[in-house]
Amino acid sequence: MDARIARDSLSASWLAERLAVEPRRLEAMRRDGELIAVRPEGSQEHYYPVWQFDEDWRPSPVVPRLVRAARDAGLADNRLYELLNARAGLGSGRRLADVMREGGDEHVLAAVRSARP
């Protein structure tokens with residue numbers, strides 16, 4: 001597994017335990033675009049980036065809009081994850097996920113809408 005995924009994500013089983021929900025509920029939320037998940041090549045399980053949750057483990061309200069924009073742009077879930085982990089600007093050390101957590105929803109949505117699959 002990619003070290004970045006291991007560092008910033010929880011497996012479906014760990015997240016289900018953390019949120020006290022059934023893993024099937026997480027899968028339904030992922031399919032419905034309520035959560036962002038990545039599935040590393042060769043893995044049987046999805047991993048959920050922790051940056052999409054607030055300090056009380058609630059998903060950011062912009063996540064469904066991001067997922068919808070990504071799907072409209074033809075981006076796969078793994079590509080959306082890569083994009084959100086990309087730098088927010090040429091001279092910036094911040095990722096788009098950081099900008100999202102800081103409330104820069106429109107900036108992040110514009111980046112997703114303009115991304116290539």
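The values are calculated or read from the model by the stated rules, or taken from the named source; none is laboratory data. No experiment lies behind these values; they were computed from the predicted model shown. Every residue, glycine among them, receives a Cβ derived from its backbone with ideal geometry; neighbour counts consider all protein chains shown. Just so you know, the surface numbers come from the protein's heavy atoms only, side chains and all, with ligands and any DNA or RNA stripped out. Shrake-Rupley method; radii C 1.70, N 1.55, O 1.52, S 1.80 Å.
Is it fair to say LEU10 is of a type outside the set (S, T, N, Q) and open to solvent by less than 10 Å² (accessible area, probe 1.4 Å)?
On the way: of a type outside the set (S, T, N, Q): yes; open to solvent by less than 10 Å² (accessible area, probe 1.4 Å): no.
Here the answer is no, as LEU10 does not meet what is asked.
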* Asked: Are any residues in the stretch 31-58 in contact with a strand residue (DSSP E or B) (Cβ under 8 Å, 6 or more places away or on another chain), closer than 21 Å to ALA6 by Cβ and not aromatic (Phe, Trp, Tyr), and if so, which ones?
  -> LEU35, ILE36, ALA37, VAL38, ARG39, PRO40, GLU45, HIS46, PRO49, VAL50, GLN52
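Are there any helices (runs of 4 or more DSSP H) wholly within the stretch 19-117 with 3 or more residues that are crowded, with 17+ Cβ neighbours inside 10 Å and either within 11 Å of the chain's Cα centre (by Cα) or β-branched (Val, Ile, Thr) (or both), and if so which? Before the answer, list the steps.
Numbers: elements: 23-31, 63-72, 77-84, 96-101, 105-114.
By residue number, 63-72, 77-84, 96-101.
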* Determine whether the stretch 30-42 contains at least one residue that is among the acidic types (Asp, Glu), free of Cβ contacts under 8 Å to residues at least 24 places away in the same chain and under 21 Å from ARG116 (Cα atoms). => yes
